[in-house]
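Notes for the one structure printed next.
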Ligand SMILES: Nc1ncnc2c1ncn2[C@@H]1O[C@H](COP(=O)(O)OP(=O)(O)OP(=O)(O)O)[C@@H](O)[C@H]1O
Ligand SMILES: [Mg+2]
């Protein structure tokens with residue numbers, strides 16, 4: 001197959017690993033910087049160029065579109081889709097996953113567990129908004145925050161109101177959630193490929209924090225996730241139409257609760273923690289989907305990915 005990897009930087013770990021896995025499987029592979037893809041859109045036909053040359057005949061494209069280039073990246077990906085190139089994650093699915101509120105609405109509509117979440121616009125409604133959520137502690141999150149920055153815990157109603165007022169004053173978008181204390185500062189990253197969780201890791205917050213982000217001093221290790229957790233992670237990815245996704249969840253008294261679905265999940269942390277060849281799993285999935293012909297774009301709901309839970313993808317042989 002001829003495969004393009006859409007990525008800003010060919011030296012990034014995830015990009016390098018995908019290239020390696022593609023070459024191991026005998027594919028021809030090229031890394032394309034999405035910001036260097038440009039296109040002619042006309043009713044008599046499309047064309048897309050890369051650094052002065054026409055982009056043609058790619059069988060599959062694997063998008064690695066970071067948050068900062070979501071818009072342009074998704075336009076380029078859509079162009080590949082219109083030209084008949086297969087992608088495990090469609091531009092539409094990536095846009096759904098990137099929008100936190102939309103993502104929460106879609107998952108809740110599917111009956112997938114998540115921390116109860118409220119958001120509103122007008123300061124006059126804050127009192128009732130918080131009443132809809134229930135008593136504190138509350139977790140307040142900036143919509144555009146990542147890596148744990150912009151995630152706050154408030155223990156008293158006056159603190160919740162104060163933070164909300166301050167954020168409104170700064171014109172920041174945010175949502176408010178129930179605090180799930182039973183998670184004990186840990187979350188699980190489940191790496192979903194097709195119909196399987198191929199690898200998982202548990203991230204634990206450092207002492208004194210409830211945020212498990214590695215950038216906040218959290219630590220990661222491989223973990224076995226239950227059948228229910230796998231099922232929820234896979235359903236969450238499918239609800240958004242993603243064939244490849246990093247699904248973050250926390251363990252609660254009422255079962256696994258989804259925090260986030262990442263459409264371009266990094267490979268470095270998860271491969272190190274789980275010792276699973278995640279890049280290989282992604283490439284096998286792309287190869288199998290492509291061979292099937294079928295719909296050119298992701299409709300990940302059917303079983304294709306037969307290997308389970310990393311057993312066949314261990315980077316190091318178990319000794
Ligand atoms: N409602 C909650 N109850 C308990 N702990 C939570 C809750 N929400 C988040 N956390 C903890 O805080 C961490 C950071 O939250 P979250 O993942 O939502 O934000 P982020 O990492 O900044 O953004 P993103 O994951 O969208 O890039 C989580 O990994 C989890 O450990
Ligand atoms: Mg997170």
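The values are calculated or read from the model by the stated rules, or taken from the named source; none is laboratory data. All values derive from a computational prediction rather than experimental measurement. Because the Cβ atoms are built from the backbone with ideal geometry, glycine has one as well, and the counts that use them run over all protein chains shown.
Some observations on this one:
- Look at segment 253-275: where a residue is under 17 Å from residue 113 (Cα atoms) and a partner is away from ligand 2 (no atom under 16 Å from the Cβ) and in a strand (DSSP E or B), sitting 6+ places away or on another chain with Cβ atoms under 8 Å, you get 261/242.
- When the residues of segment 146-193 are filtered to those that are under 23 Å from residue 239 (Cβ atoms) and not in a strand (DSSP E or B), the one that is nearest to ligand 2 (Cβ to nearest atom) is 146.
- For segment 203-248, residues that are within 13 Å of ligand 2 (Cβ to nearest atom), part of a strand (DSSP E or B) and in contact (Cβ under 8 Å) with a residue 60 or more places away in the chain total 1.
- Flag for residue 61 being surrounded by 14 or more Cβ atoms within 10 Å (Cβ to Cβ), closer than 19 Å to residue 244 by Cα, free of Cβ contacts under 8 Å to residues at least 40 places away in the same chain and touching a helix residue (DSSP H, G or I) at 6+ places or on another chain (Cβ under 9 Å): no
- Qualifying residue in segment 195-202 (condition: near ligand 1 (Cβ under 8 Å from one of its atoms) and outside any strand (DSSP E or B)): no
- Subset of segment 249-266 that is out of contact with any strand residue (DSSP E or B) (no Cβ under 6 Å at 6 or more places or on another chain) and in a loop (DSSP other than H, G, I, E, B) - its residue that is nearest to ligand 2 (Cβ to nearest atom): 266
- Given (1) modelled with pLDDT of 95 or more; (2) surrounded by fewer than 18 Cβ atoms within 10 Å (Cβ to Cβ), number of the condition residue 250 does not satisfy: (2)
- Unique match (being surrounded by fewer than 23 Cβ atoms within 10 Å (Cβ to Cβ), assigned by TED's automatic domain parsing to the domain that holds residue 190 and in contact with a helix residue (DSSP H, G or I) (Cβ under 8 Å, 6 or more places away or on another chain)) among 268, 275: 268
- Residue within segment 171-183 that is out of contact with any strand residue (DSSP E or B) (no Cβ under 6 Å at 6 or more places or on another chain) and at pLDDT 95 or above present: yes
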